[in-house]
Each structure stands twice: as structure tokens, then as C-alpha cells.
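The values are calculated or read from the model by the stated rules, or taken from the named source; none is laboratory data. The shown structure was predicted, so the numbers you read here are calculated from the model rather than taken from an experiment. Heads up, the Cβs are rebuilt from the backbone with ideal geometry, glycines too, and the neighbour counts pull from every protein chain shown. Ligands, DNA and RNA are excluded from the accessible area calculation, which covers all protein heavy atoms including side chains. Shrake-Rupley method; radii C 1.70, N 1.55, O 1.52, S 1.80 Å.
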Amino acid sequence: MIDFTLAALAPMEAELAPLKPLMPSSYGRGVEGLAESIRALGLLRPLLIWADGGEHYLLAGSLRREALMRQGRSVAPALMLPPDFPREQAFALALADNQERGWNQAETALLWRFFVETLGTEGAANLAPYLGLAPSPKMREWCLRAAGLPEQGLAALAEGRLDLETGARLAGWAPENLGPALNLFDLLNPSKQKKKQWLDWLEDISRREFLCSAEVLEVEDIRTALADVERVGRPATEEIIRKYLWTRRHPLLAELAAARQARVRALALPRAARLELDPSLEDLKFGLNLTFATPAEFGQVAETVAKLRQSPDFQKLLDDDHES
Amino acid sequence: MSRDASPGGLTLRLEEEFRKTPLAENLGHSLAPQALEPLGPADYPAFGRGDLLVTRHRGEFIKPCPGTLNYNCCGLTIFHFGLGCTIGCRYCILEAYLGTAALVLFGNVAEGLADLRELLRRPPAERPRRFCTGEFTDSLLLDKRTGLAAELITMFAETEGAVLELKTKTDHTDHLLGLKHKGRTVISFSVNAPDICRCEESGAAPLSARLKAAQRAAAAGFPVGLHFDPLIVHPNWEEGYARTAQMIGEHLAGAEVAWVSLGCFRYLPSLKEVMLARHPETSIYDGEFIMGGDGKMRYPRPLRTRMYRTLVKALREALPEKTVIYMCMESPRVWRDVFGRDPETEGLAAELDRRAMELCG
């Protein structure tokens with residue numbers, strides 16, 4: 001690092017058109033607000049320019065430049081870094097210049113990939129703190145992968161509709177599969193956990209049935225549910241999607257669960273006694289939840305439980321090995 | 001056709017302090033040692049496939065099988081001599097979790113052997129009866145080079161009331177057959193349905209080679225053990241496992257089969273992603289799984305029960321009645337459904353101890 005302070009640089013007038021962007025510092029940001037502010041208050045901070053190999057690069061201020069050019073301005077105040085200013089330090093300055101604004105996830109991913117490709121992993125690691133990127137190797141790997149998303153995915157990342165982990169996973173999908181998955185997420189905005197679960201199931205079904213994910217999603221059940229989302233609401237639609245994917249991924253479990261439900265119904269238990277069975281069917285333990293308000297009610301519930309013990313249907317339920 | 005599971009092209013990397021040990025001398029007969037700076041487990045990932053590291057083990061050499069919550073365990077005691085395996089089974093936790101493809105042998109294994117000798121000096125009632133090696137590696141993968149099994153077999157031959165089990169997916173057993181063992185070492189083979197052996201254990205010895213090795217071990221008077229673990233759902237699995245049981249009957253008629261263990265495929269959830277990235281062609285993770293009471297993914301209980309029943313029936317037809325067939329890490333419920341009883345961990349361990357004592361006279 002060279003000893004340096006921006007305040008020591010004399011502002012100059014820079015031509016806006018020839019400036020080349022140095023790195024992908026802005027993604028998915030509108031300039032309207034900024035343009036309005038410049039119109040009202042003027043340019044509060046000069047642009048930052050770095051010269052390298054005869055080219056002039058815009059190090060910081062790409063949105064400001066765009067806003068100014070929209071207003072028909074061709075020049076703007078700028079600070080030019082001294083000759084031979086180290087590249088890594090120039091990147092750090094650019095990041096520091098935007099620190100107040102922060103980065104959305106698309107920008108973080110794109111910047112991280114740019115630094116890794118330009119400076120190598122070690123050089124990029126020096127810049128990670130300026131980018132606010134945690135030292136977790138997993139997070140950095142997600143950024144690298146998510147940066148490969150097409151426009152629709154990057155836009156979802158930028159707007160916070162997609163998390164980095166899911167984005168990284170979807171970046172490995174073929175474009176024809178990515179669109180339907182992103183559309184589904186856009187429409188329902190499920191939680192991160194649900195997204196992960198749905199993608200797990202989709203990938204498993206696709207692999208097992210030799211289909212692409214788009215084909216799995218383009219079935220009548222899902223199309224109808226999505227078309228009906230306004231009427232039935234998001235949570236109910238999510239449940240339809242979840243149930244469809246789970247059942248298709250787990251046909252045996254679905255069949256076993258249905259058979260068990262039928263057996264529980266056949267017991268005709270009163271509302272006061274709720275049988276709690278292990279949904280995984282592992283049946284390491286069973287539960288019976290009893291609710292009563294008075295000693296008399298307790299007596300009735302106790303009687304039900306005593307009868308349950310002798311019920312062949314109940315025994316069948318507990319001992320059922322599903323061979324039948 | 002024959003596959004040799006022994007890793008070729010190994011580079012022996014040896015810490016200086018172990019240069020004069022019997023282990024290093026044995027390895028030195030076939031490998032030229034290179035110097036290795038002292039290192040610990042955190043350094044293993046710096047090494048890869050083809051590296052054989054001889055380094056210090058700082059933990060216990062002898063430990064009980066950790067078992068798993070809510071499931072019955074057979075209660076073996078493990079003698080820990082190394083880590084890693086080059087066989088590369090697509091369901092194996094070692095593939096994903098050791099953080100290295102290198103093989104590790106503990107240069108100070110003599111300390112472990114001394115601990116074991118000391119433990120075996122105690123009266124049988126005051127120490128475990130059954131011991132094994134190979135919890136984190138294959139017992140016999142490198143044994144032709146290390147000579148460790150011979151030392152263990154001899155130690156157990158001299159000990160009353162204790163049985164050693166060596167578990168392998170190789171057929172590297174012939175070098176042990178002339179040893180005096182007094183029936184106190186069980187040579188066990190991990191077996192599976194033919195298609196699983198061929199596709200998912202492609203680095204192991206072929207099933208027929210394993211069974212022929214079992215046959216030769218039995219002919220040399222060794223009790224043999226068989227481990228069907230993991231049982232994997234695959235197309236025509238019923239026929240596949242029945243065929244393996246039939247092959248066992250053909251190869252081991254009249255042999256002393258100590259025990260057969262059965263265990264359905266189970267895995268920590270994070271293994272799937274790692275293994276699919278490494279082996280995208282495998283279909284073993286496409287089955288239906290639930291999260292078991294131990295946090296591992298398992299087939300749904302009714303399916304496991306069906307698999308065990310199918311195999312127990314086939315094995316009962318193939319093997320003598322006295323052969324103990326048991327399940328590894330299964331729930332009391334599955335025990336009741338398959339065998340009509342739940343021995344619990346203590347009962348299962350006691351049953352296998354009794355069988356072990358029958359074998360060693």
C-alpha cells in the first residue's frame with residue numbers, strides 16, 4: 001500500500017464519455033433519485049479515475065456519471081489517482097467510496113468474482129473486508145457461483161428475492177430450467193428453507209425420472225395452482241406445490257402416510273384425545289395428547305384411552321409393519 | 001476378471017521419529033520413504049490420493065464403537081490404527097469427511113498394540129470380548145505391506161476369551177492363512193448384491209473374489225463373518241440380495257460362519273451433495289429417505305423391515321441355523337418386526353459375546 005490521501009489530489013474536469021468502467025460496482029440500481037439530487041444540489045463528490053496503460057477507468061461514480069450524462073452533461077469534476085497507483089489499492093478505494101451505499105447481493109457476487117479473476121483468491125481476500133464479505137469460504141464460493149446467474153437471477157439477487165445460497169445453486173442449472181424455478185419463487189416468494197427443500201425435490205425427481213426441472217414444474221397441478229394464486233392465496237398455493245413435489249419425490253412415503261391416516265380416522269377418537277404419530281414412520285415413540293377441562297371430562301377421556309388399549313384397530317396401528 | 005483393491009503408486013511419507021519402527025520397516029520393503037514434517041489431522045488435506053502418511057496418533061487407540069442414539073449397537077471395541085480408504089465406495093462417509101484422499105497410518109501404533117496387550121491381560125469378565133479394526137479404514141487394504149494383522153492375530157491367539165474381527169472389502173487374506181489363530185480371529189467380508197458391488201464399490205475386490213477369499217480363510221480354520229452393510233434399494237434388489245445369499249451358501253457350505261450383520265443404507269444429510277458432485281452417475285441417493293432418530297437419513301422403516309426380512313430368509317436357507325444374524329444400528333421396532341424381539345444394545349452385545357466365546361473355545 002502506498003501512503004496516500006484523496007484530499008491531496010487536485011480536482012480536474014474529466015470527459016465522461018471516454019471513461020471505461022473498471023469493475024461491476026453497480027447492478028440493479030436506478031439513477032432517477034441520484035439524478036434528481038444532482039439537479040437540486042449539484043455533484044457533492046467528484047468521480048474517481050484511475051489511468052492504466054493509456055486508458056482512463058472510472059473507479060468510482062458509475063451511477064453519478066450515468067445520471068450526469070442523462071442530464072446532457074459531458075464533463076464532471078473528478079480526482080485522478082497518481083500514475084502507477086497500485087491496482088489492488090485502487091480497487092480498495094473504489095469500494096471505500098461506495099461503503100456508505102453498500103452492495104446488494106448481485107453486486108457482491110459480481111464484484112467478488114471480478115476480484116478473484118483479476119487478483120487471484122489471495123488478492124481478492126484482501127479486499128473482502130471492504131466488500132463486507134464474511135471470511136466464510138462457503139459464502140465466497142456461493143458468490144463466485146451466483147455471479148454466473150443470467151439476468152433474471154441477478155435481478156432477483158439484487159432485489160433480495162433470491163438468497164446467495166439458492167442463487168449459487170441455481171447458477172448450475174440449465175437456462176431452460178432456471179426460468180420456471182425463478183418464476184415460481186417470484187410468484188410465491190417462499191422462505192429460504194422452502195426454496196431449498198423444493199429445489200432438493202426438483203433435482204431428485206429430475207434425476208430419477210430423467211426429466212428436466214422445467215418439465216416437472218410444467219404439470220397441470222402446478223400450472224393450475226399458480227394460475228389460481230390470487231384467489232386461494234400464497235400460503236395455500238405453497239402448500240399445493242409442496243405437497244405435489246413431496247408426493248412425487250416420495251411415492252412410497254406418501255402411500256404409507258395415507259394408509260396410516262386412514263387407520264387413525266378409523267379409530268374415531270374424540271377431539272379430546274389426539275394421537276401423535278411420528279410422520280417419518282420411524283416410530284421410536286408414540287404420543288397421546290389428552291385435553292380436558294373438568295374432572296368429569298377427565299373421566300370420559302380416561303375411559304376412551306382404556307378402551308383404545310383394547311382396540312384391535314389401535315393395536316394394528318401400533319404394530320403395523322405395512323407388509324399387508 | 002480380477003480387481004485388486006490394493007492402492008498402487010503410493011508415495012510413503014514418513015515422520016522421522018518412526019523411521020526405525022517395525023511398521024516403517026515393513027512398509028520399506030515395497031515403498032521408498034520420503035521425509036515428512038510432523039503433522040496433525042488438520043494438515044492431512046494438504047495431501048491427496050497416492051500419499052501414504054505415517055504420522056503420530058494423539059488420541060486413544062482403543063475405543064468402544066460410538067453407537068448411535070435410539071438404535072441398537074453390537075458393542076464392538078475398535079482398535080484404531082489408521083484412516084482413509086482408496087476403495088472409493090459411493091456411499092462411504094470416509095469419502096467425504098476425512099478431508100483428504102490420502103491414507104494415514106499411525107507411526108506410533110506400537111503404543112496402541114501395547115495398550116491392547118495390556119487390556120487383554122485382564123480377566124475376560126473385566127474387559128471387552130470382541131475387538132475389531134477398520135472403523136475408519138479397511139482392515140486389510142494395506143495389510144500385505146504393514147504386517148499389522150499378523151501381529152494382532154498372534155496376540156489374540158495367545159489370549160483366552162477375546163476375539164478379533166478383521167473387516168475387509170478386499171481379498172487380501174492369503175498372507176494370513178498360515179498363521180496360528182486358534183479360531184480367535186474372525187475374518188469378515190463386507191458383501192452386497194452383485195450390481196451394488198459392481199457399480200457402487202467398483203474399487204473393491206469383486207464379490208466372487210471376496211467369497212473365494214472367505215472360502216480359503218474358512219478352509220484355513222478361520223471363522224468368517226459377513227457384513228451386508230449397506231443394503232441398498234436398486235432395481236431387482238430382492239433377486240440381487242438373494243443371489244448373494246445363494247453364492248454365500250455355495251462358497252461357505254460347512255464353514256464356520258461366526259455372524260452376519262445387516263444394515264440398511266444410512267447417511268448424514270450433507271454426504272449426499274458431496275457424493276453427487278463427485279459421482280453424478282450414482283442413483284443410490286434417489287431412493288426415499290427419512291431423517292432417523294440419530295440424525296441420519298434412512299430408508300422408511302417399513303422398507304427396511306422388508307429388506308431385512310428378505311435377506312434373513314435367504315440367509316437362513318443358505319447358512320447353518322447356529323449362524324447369528326443381527327442388524328447393525330437398527331431400532332427396537334425394526335428388531336421386533338424382523339426377529340420378533342428387541343435385544344437392546346446390551347442384549348445384542350451379550351449374544352455376540354456368547355457367539356465369540358463359542359468360537360474361541
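Odds and ends about this structure:
- Looking only at residues in region B:30-81 that are more than 14 Å from chain A (Cβ to nearest Cβ) and on the phi > 0 side of the Ramachandran plot, the one that is surrounded by the fewest Cβ atoms within 10 Å (Cβ to Cβ) is B:Gly50.
- Among the residues making up region A:172-200, those that are of a type outside the set (S, T, N, Q) and open to solvent by 50 Å² or more (accessible area, probe 1.4 Å) are A:Gly172, A:Pro175, A:Glu176, A:Asp186, A:Leu187, A:Lys192, A:Lys194, A:Lys196.
- Residue among A:Glu159, A:Glu203 that alone is in contact (Cβ under 8 Å) with a residue 12 or more places away in the chain, closer than 23 Å to A:Glu238 by Cα and open to solvent by 10 Å² or more (accessible area, probe 1.4 Å): A:Glu159
- Per-region count, region B:345-361, residues touching a Lys or Arg at 6+ places or on another chain (Cβ under 6 Å) and open to solvent by 20 Å² or more (accessible area, probe 1.4 Å): 1
- Within this structure, A:Ala254 passes the test of being open to solvent by less than 30 Å² (accessible area, probe 1.4 Å) and either touching a residue at least 40 places away in the same chain (Cβ under 8 Å) or within 10 Å of another protein chain (Cβ to nearest Cβ) (or both).
- Inside region B:61-75, residues that are modelled with pLDDT of 95 or more and outside any strand (DSSP E or B) make up a count of 1.
- Checklist (1) in contact with a Phe, Trp or Tyr (Cβ under 8 Å, 6 or more places away or on another chain); (2) within 28 Å of B:Glu160 (Cβ to Cβ) applied to B:Pro64, failing item: (1)
- Subset tally (residues that are open to solvent by 50 Å² or more (accessible area, probe 1.4 Å), without any contact (Cβ under 8 Å) to a residue 60 or more places away in the chain and among the basic types (Lys, Arg)) for region B:166-215: 3
- Conditions (1) farther than 17 Å from B:Tyr285 by Cα; (2) open to solvent by 80 Å² or more (accessible area, probe 1.4 Å): number failed by A:Phe210: (1)
- Of everything listed in (1) touching a residue at least 24 places away in the same chain (Cβ under 8 Å); (2) closer than 25 Å to A:Ala134 by Cα; (3) within 14 Å of chain B (Cβ to nearest Cβ), the single unmet condition for A:Gln193 is (1).
- Count - residues of region A:1-33 that are open to solvent by less than 60 Å² (accessible area, probe 1.4 Å), closer than 13 Å to A:Gly61 by Cα and not hydroxyl-bearing (Ser, Thr, Tyr): 7
- Those helices (runs of 4 or more DSSP H) lying entirely in region A:194-266 with at least 3 residues out of contact with any helix residue (DSSP H, G or I) (no Cβ under 7 Å at 6 or more places or on another chain): A:220-227, A:229-232, A:234-249
- Condition check for A:Pro270 on (1) part of a loop (DSSP other than H, G, I, E, B); (2) open to solvent by less than 20 Å² (accessible area, probe 1.4 Å): one failure, at (2).
- A:Ser280 meets each of the listed conditions (1) among the polar types (S, T, N, Q); (2) open to solvent by 40 Å² or more (accessible area, probe 1.4 Å); (3) within 25 Å of B:Pro300 (Cβ to Cβ) apart from (2).
- Taking (1) in a loop (DSSP other than H, G, I, E, B); (2) within 30 Å of A:Leu184 (Cα to Cα); (3) of a type outside the set (Asp, Glu) in turn, A:Leu281 satisfies each apart from (2).
- The conditions of being in contact with a Phe, Trp or Tyr (Cβ under 7 Å, 6 or more places away or on another chain), open to solvent by 20 Å² or more (accessible area, probe 1.4 Å) and not basic (Lys, Arg) are not met by A:Pro83.
- Count of region B:249-290 residues which are part of a loop (DSSP other than H, G, I, E, B), within 11 Å of chain A (Cβ to nearest Cβ) and open to solvent by less than 10 Å² (accessible area, probe 1.4 Å): 1
- Residues of region B:298-322 classified as surrounded by fewer than 19 Cβ atoms within 10 Å (Cβ to Cβ) and more than 10 Å from chain A (Cβ to nearest Cβ), total: 8
- When A:Ser37 is tested against (1) closer than 30 Å to A:Pro150 by Cβ; (2) open to solvent by less than 80 Å² (accessible area, probe 1.4 Å); (3) polar (S, T, N, Q), exactly one condition is not met: (1).
- Identity of the residue in region A:63-76, open to solvent by 40 Å² or more (accessible area, probe 1.4 Å) and not in a loop (DSSP other than H, G, I, E, B), that ends up nearest to A:Leu44 (Cα to Cα): A:Arg65
- Residue check, A:Ala109 under 15 Å from A:Pro24 (Cα atoms), open to solvent by less than 10 Å² (accessible area, probe 1.4 Å) and at pLDDT 90 or above: yes
- Filtering region B:93-127 to residues that are open to solvent by 30 Å² or more (accessible area, probe 1.4 Å), at pLDDT below 95 and touching a strand residue (DSSP E or B) at 6+ places or on another chain (Cβ under 9 Å) leaves B:Ile93, B:Leu98, B:Ala101.
- Filtering region B:323-332 to residues that are within 13 Å of another protein chain (Cβ to nearest Cβ) and open to solvent by less than 10 Å² (accessible area, probe 1.4 Å) leaves B:Glu330, B:Ser331.
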